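Chemist: There's a structure below that I have some questions on.
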Amino acid sequence: MINNAFIGFGKSATRYHLPYVLKRKDKFNVRYIFDKTRNPEKEMLAPYQGIQFTDSVETILKDPQVTLVTICTPPDSHFYYAKLCLEHGKNVLVEKPFTTTLEEAKILFALARKKGLLVTPYQNRRFDSCFLTIKQVIESGKLGKIIEAESHFDYFRPEADPQPGSAFEGAFYGLGVHTLDQMLALFGRPQQVFYHLRHLRQPDNPDDTYEAQLFYGDLKAIIKTSHLVKVPCPRFVVHGSKGSVVRYHIDQQETCLKNGIMPDHPDFAADQQCALLEYIDDEGQSHTEHLPAVKGDYGRVYDAIYATLKQGAANYVSEQEALTNLEILERAFHQPSPSIISLS
């Protein structure tokens, strides 16, 4: 059993973390939740009974039984709280984006290594149904040599917040952090990256539209997001030397969580959408397959962390993947758009 504490009690914690970790009572015990602005009505909800709420982070830091802290605060505080927890001997899971700069991330990883601890980003979208289905097809080898992979994460939200925000409130840091991580999980560190970031709804707002192309020799991976897409594009399209696969619809976990349908519900994130695979086998025969979705589960992040802390498994996101993700995000805002850069 791992005694877990949360720093932050907003939407991130209550929607994307606690519904999953509270299901895993054989592995995790949520001992504390730190919340600067206590909300007794919210704290009294049934799922949180037995958890101690506190407005003092010292309560968590001084408890030797707490070995894992999940940080669900705004991005500009991630580095501060993660470093504080590491200095007090706690393993740390950090919501996205992991830190606001690449240098901050390097400091955290170095500190974790020095103390023999784990620090890792929360990349729950590695456990989207749509991504896992496409990953399974690629790993099957039926597509042959992968030539192009394209990922869309689009909305139709023509009205934008009129108040200007920081880069961390834009689409690239908000959603690109996930779609980028998925490509890094599949293909590793690219050789070059092309960027095109735009803000189409309000010119003073952060980017709401982006395209990034990752180049790996003959392979190109494309990630795109726009808030002005009325007719959805496929979620994933992958082309290889022997065939192609298309998956149209996004994983439904987030939709269910927004509607109050929790992971313990029998219909949670039920996914009836098939991926269409067409390929030619080694004998030259053509095949068409409608592939059932691989079940998604964001709680697998916590399963992976348990395996790392208790069984010595490699972390589910490597240090290089986490640093490459932040490097690509950060460098997008340090040059004109569009532009292309090389990664050393």
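Chemist: I'd like the full set of residues that are polar (S, T, N, Q), over 17 Å from M183 (Cβ atoms) and within 15 Å of the chain's Cα centre (by Cα), limited to region 301-336.
Modeler: Keep residues of region 301-336 that are polar (S, T, N, Q), which gives 308, 311, 315, 318, 320, 324-325, 335.
Among the residues that remain, those that are also over 17 Å from M183 (Cβ atoms) are: 308, 311, 315, 335.
Listed by number, the list holds a single entry, N315.
Chemist: Separate question: Answer yes or no as to whether Y298 is under 18 Å from the mean Cα position of the chain (by Cα), modelled with pLDDT of 95 or more and surrounded by 19 or more Cβ atoms within 10 Å (Cβ to Cβ).
Modeler: Values: under 18 Å from the mean Cα position of the chain (by Cα): yes; modelled with pLDDT of 95 or more: yes; surrounded by 19 or more Cβ atoms within 10 Å (Cβ to Cβ): yes.
Considered against the rule, which asks whether it is under 18 Å from the mean Cα position of the chain (by Cα), modelled with pLDDT of 95 or more and surrounded by 19 or more Cβ atoms within 10 Å (Cβ to Cβ), Y298 comes out as yes.
Chemist: Can you name every residue in region 124-136 that is buried (at least 24 other Cβ atoms within 10 Å of the Cβ) and within 11 Å of L186 (Cβ to Cβ)?
Modeler: Within region 124-136, F131, I134 meet the criteria.
Chemist: Output the residues belonging to region 259-312 that are part of a loop (DSSP other than H, G, I, E, B), in contact with a Ser or Thr (Cβ under 6 Å, 6 or more places away or on another chain) and β-branched (V, I, T).
Modeler: Scanning region 259-312 gives a single hit, V294.
Chemist: Being in the same structural domain as A212 (by TED's automatic domain parsing), over 17 Å from the mean Cα position of the chain (by Cα) and not in a loop (DSSP other than H, G, I, E, B) narrows it down to one of I134, I107, I147, so name that one.
Modeler: On the way: I134 fails: over 17 Å from the mean Cα position of the chain (by Cα); I107 fails: in the same structural domain as A212 (by TED's automatic domain parsing).
That would be I147, the only listed residue that is in the same structural domain as A212 (by TED's automatic domain parsing), over 17 Å from the mean Cα position of the chain (by Cα) and not in a loop (DSSP other than H, G, I, E, B).
Chemist: Between a first residue in region 277-291 that is in the same structural domain as C130 (by TED's automatic domain parsing) and surrounded by 10 or more Cβ atoms within 10 Å (Cβ to Cβ) and a second residue that is outside any strand (DSSP E or B) and not aliphatic (A, V, I, L, M), which pairs have beta carbons less than 6 Å apart while being 6 or more apart in sequence or on different chains?
Modeler: Y279/K142; Y279/K242; I280/K242; L291/C274
Chemist: Filter region 175-206 for residues that are closer than 17 Å to L219 by Cα and in a loop (DSSP other than H, G, I, E, B) and give the result. Show your work before the answer.
Modeler: Of the residues in region 175-206, the ones closer than 17 Å to L219 by Cα are 179-195.
Answer for region 175-206, where residues must be closer than 17 Å to L219 by Cα and in a loop (DSSP other than H, G, I, E, B): G188, R189, P190, Q191.
Chemist: Please specify each residue of region 196-247 satisfying the condition of being basic (K, R), surrounded by fewer than 22 Cβ atoms within 10 Å (Cβ to Cβ) and either in contact (Cβ under 8 Å) with a residue 60 or more places away in the chain or touching a Cys at 6+ places or on another chain (Cβ under 7 Å) (or both).
Modeler: Kept after step one, since they are basic (K, R), are these residues of region 196-247: 198, 201, 220, 224, 230, 235, 242, 247.
Now restrict to residues that are surrounded by fewer than 22 Cβ atoms within 10 Å (Cβ to Cβ): 198, 201, 220, 224, 230, 242.
Answer for region 196-247, where residues must be basic (K, R), surrounded by fewer than 22 Cβ atoms within 10 Å (Cβ to Cβ) and either in contact (Cβ under 8 Å) with a residue 60 or more places away in the chain or touching a Cys at 6+ places or on another chain (Cβ under 7 Å) (or both): R198, K220, K224, K230, K242.
The values are calculated or read from the model by the stated rules, or taken from the named source; none is laboratory data. The shown structure was predicted, so the numbers you read here are calculated from the model rather than taken from an experiment. All Cβ positions, glycine included, derive from the backbone under ideal geometry; neighbour counts span all protein chains shown.
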